[in-house]
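Read the structure below first, then the notes.
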Amino acid sequence: MSSGILLVLSAPSGGGKTTILKRVMADLPGLVFSVSHTTRKPRPGEEDGRDYYFVSRREFESIRDRQPSGFLEWAEVHGNLYGTSRAAVEQRLGAGRDVVLDIDVQGAAQIRKSADPVAVFIAPPSLAELEARLRGRGTEDEQTIALRLENAKQELRVVDSYDYLIVNDRLAEAVESLRSIIIAERCRRRRAVDGAPVRVDF
């Protein structure tokens, strides 16, 4: 069985990647979401093991410091630690599954050093629109919003290091763009739309 696709998805906080990804995964079979570990507190509606594995800083550091590293990548973002389990990702890729990583630009850069992912960046149409979305969530204070906007400026500077760029101006179009990217990458690897290997007899 051929190895699966490692799909790295990044966006500034409030860029809409979670909404886009959920719609694509509901429509396109064969995708597995990699649940990351984090030290941040759960937001309303989030569940441990579904959205993230919520762990203490001590637990996170214990996993990170294993040899070889227990994380494929890890980073500190907005004062919280985030990491992707190396064993879980490698097991699923080896089984031919396509694994989606929802990670920041720091993590994406780390992964490129040891793997060959398909990297997709989702950008807001403008910083003004991003600010409006962050305020609309009603989950962050003014200081946090200012920090997220400043980080977004830095993140947008590395867009050219990604394979694909999706501007999330119209949600339906952004969803279709991500779906099309995944299908195209499957076809490039001689796989069908649903991810199954394609065998042609001439």
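Observations on the structure shown:
- Residue list for the stretch 51-64, restricted to those being closer than 11 Å to Y82 by Cα, surrounded by 12 or more Cβ atoms within 10 Å (Cβ to Cβ) and either touching a strand residue (DSSP E or B) at 6+ places or on another chain (Cβ under 7 Å) or touching a residue at least 40 places away in the same chain (Cβ under 8 Å) (or both): Y52, Y53, F54, V55, F60, R64
- Test: residue in the stretch 38-50 that is crowded, with 17+ Cβ neighbours inside 10 Å, of a type outside the set (D, E, K, R), at pLDDT 90 or above and closer than 16 Å to E185 by Cβ: no
- Condition met for A152 (more than 19 Å from L6 (Cα to Cα), of a type in the set (G, A, S) and modelled with pLDDT under 85): no
- Contact annotation: residue pairs with Cβ atoms under 7 Å, 6 or more positions apart or on different chains, pairing a residue in the stretch 173-192 that is within 14 Å of K17 (Cα to Cα) with a partner that is exposed (fewer than 13 other Cβ atoms within 10 Å of the Cβ), are R179/D27.
- Evaluating R40 against the criteria (1) in contact with an Asp or Glu (Cβ under 7 Å, 6 or more places away or on another chain); (2) farther than 25 Å from A192 by Cα leaves one unmet condition, (1).
- Residue count for the stretch 119-144, restricted to those that are at pLDDT 85 or above, within 17 Å of D104 (Cβ to Cβ) and of a type outside the set (F, W, Y): 5
- Residues that are part of a strand (DSSP E or B), under 14 Å from A119 (Cα atoms) and either acidic (D, E) or out of contact with any Leu (no Cβ under 9 Å at 6 or more places or on another chain) (or both) within the stretch 157-186 comprise just one, L165.
- Summed over the stretch 127-138, residues that are farther than 13 Å from G16 by Cβ and surrounded by 11 or more Cβ atoms within 10 Å (Cβ to Cβ) total 3.
- When V55, V35 are checked against the criterion of being touching a His at 6+ places or on another chain (Cβ under 6 Å) and either within 21 Å of A95 (Cβ to Cβ) or at pLDDT 95 or above (or both), V55 stands alone in meeting it.
- Check on V105, under 22 Å from G49 (Cβ atoms), surrounded by 21 or more Cβ atoms within 10 Å (Cβ to Cβ) and at pLDDT 85 or above: no
- Every residue from the stretch 62-89 that is under 14 Å from the mean Cα position of the chain (by Cα) and small (G, A, S): A75, G83, S85
The values are calculated or read from the model by the stated rules, or taken from the named source; none is laboratory data. Keep in mind the model is a prediction, meaning the values are calculated, not measured. Cβ coordinates were reconstructed from backbone atoms using ideal geometry, including for glycine residues, and neighbour counts include every protein chain displayed.
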